[in-house]
Amino acid sequence: MPTPTTPLDPWPYPCWIAHRGAGSQAPENTLAAFRLGAEHGFGMFECDVKLSADGEPFLLHDAELERTTNGQGLAGALTWDALSRLDAGSWHGRAHAGEPLLRLENLARWLQALGLMVNLEIKPTPGDDARTGRVVADRVAQWWAQAEVKPLLSSFSLEALDAARDAQPDLPLALLVDRWIPEAIDQAVELGCCALVVHQAFLNDRRIEIIHEAGLKALAYTVNEAERADTLWAGGLDGLITDRVDAFEPQARLGLRPGHRMKIDHLIAESASVPEIVPE
Ligand code: G3P
Ligand code: MG
């Protein structure tokens, strides 16, 4: 079995990753979400990237505009000029009215200014896989040229990852799977991926071990329960994508996994037992 071409040793990414910027707590994939995720102590973010009709990489989860903007139809059919005038915040709540869609170029500036990291999920408009993989990889190489740690590019689309690797062979790649597919390990390795990102419900200790045996890191999405997170960390998980930026704030802030969390609980308990100093 070939070894990954980008082993990334040591693994440079934080283990806690905020899903779509800040999960469901702010309009997903907008700068407002990233700001909130960062305020909750997250040092790394997952988000979804696709292309406008004129080839501008921007953030949006769905192929269609209806759920998260005031636009209609296929997002990838519009130019960036048209997309940039949409409201991507009102659907979430009045406080976010007028929040615009986010260009990847602007996200690159914001993340690097604050020393934050990102997992860019290449989420092509159906049928646009190869172009999206190639353009996103080329733009990432350009916009993160000065960054010591490059974005981790992931995708469910083998075609998109293949095109990204051909365009920029040095960028770290990860294959996404929404269930356990044993062949995915070989596919990830053959693509030169450094990680497999698996729907959390389909991971267990043995599968994490299988992923590690192939020389890949094991990441899980989307983990929102503390107990589930603890189980996966205990099984050797390398990265966890969550919506619960509020619930996991202390661990994310300190980059802690469960063993360490117990230490923090202990410290908190200890500090609570320190007798109050009474002035004379
Ligand atoms: O990248 C992990 C996760 O975001 C994949 O699923 O549908 O939330 O983009 P989805
Ligand atoms: Mg995603």
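Values in this text are rule-based calculations from the coordinates and carry no lab data. Predicted model, so just to flag it, every value in this text is computed and none were measured. Cβ coordinates were reconstructed from backbone atoms using ideal geometry, including for glycine residues, and neighbour counts include every protein chain displayed.
When you look at V223, is it under 24 Å from L153 (Cβ atoms), touching a Lys or Arg at 6+ places or on another chain (Cβ under 9 Å) and β-branched (V, I, T), yes or no?
Yes, satisfied.
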Members of region 87-134 found to be over 19 Å from the mean Cα position of the chain (by Cα) and among the small types (G, A, S), listed by number: A88, G89, S90, G93, A95, A97, G98, G127, A130
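Going through region 56-66 one residue at a time, which ones are surrounded by fewer than 22 Cβ atoms within 10 Å (Cβ to Cβ) and either of a type in the set (S, T, Y) or in contact (Cβ under 8 Å) with a residue 12 or more places away in the chain (or both)? Full working, then the answer.
First pass over region 56-66, keeping only residues surrounded by fewer than 22 Cβ atoms within 10 Å (Cβ to Cβ): 56, 61-66.
Correct list: E56, H61, D62, A63, L65.
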E99 being charged (D, E, K, R) and either without any contact (Cβ under 8 Å) to a residue 12 or more places away in the chain or more than 15 Å from ligand 1 (Cβ to nearest atom) (or both): yes
Residues (without any contact (Cβ under 8 Å) to a residue 24 or more places away in the chain, among the charged types (D, E, K, R) and within 22 Å of L232 (Cα to Cα)) located in region 7-55: D9
Residues that are loosely packed, with under 15 Cβ neighbours inside 10 Å and either in contact with a helix residue (DSSP H, G or I) (Cβ under 6 Å, 6 or more places away or on another chain) or within 20 Å of R103 (Cα to Cα) (or both), drawn from region 160-179: R179
Some residue of region 80-95 being of a type outside the set (D, E), closer than 22 Å to N119 by Cβ and touching a His at 6+ places or on another chain (Cβ under 8 Å): no
Any hit, region 19-29, residues being within 23 Å of L176 (Cα to Cα), under 21 Å from the mean Cα position of the chain (by Cα) and not in a loop (DSSP other than H, G, I, E, B): no
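Give the residue that is surrounded by the fewest Cβ atoms within 10 Å (Cβ to Cβ), with candidates limited to residues of region 134-159 that are aliphatic (A, V, I, L, M) and under 17 Å from F58 (Cβ atoms).
Within region 134-159, the match that is surrounded by the fewest Cβ atoms within 10 Å (Cβ to Cβ) is V135.
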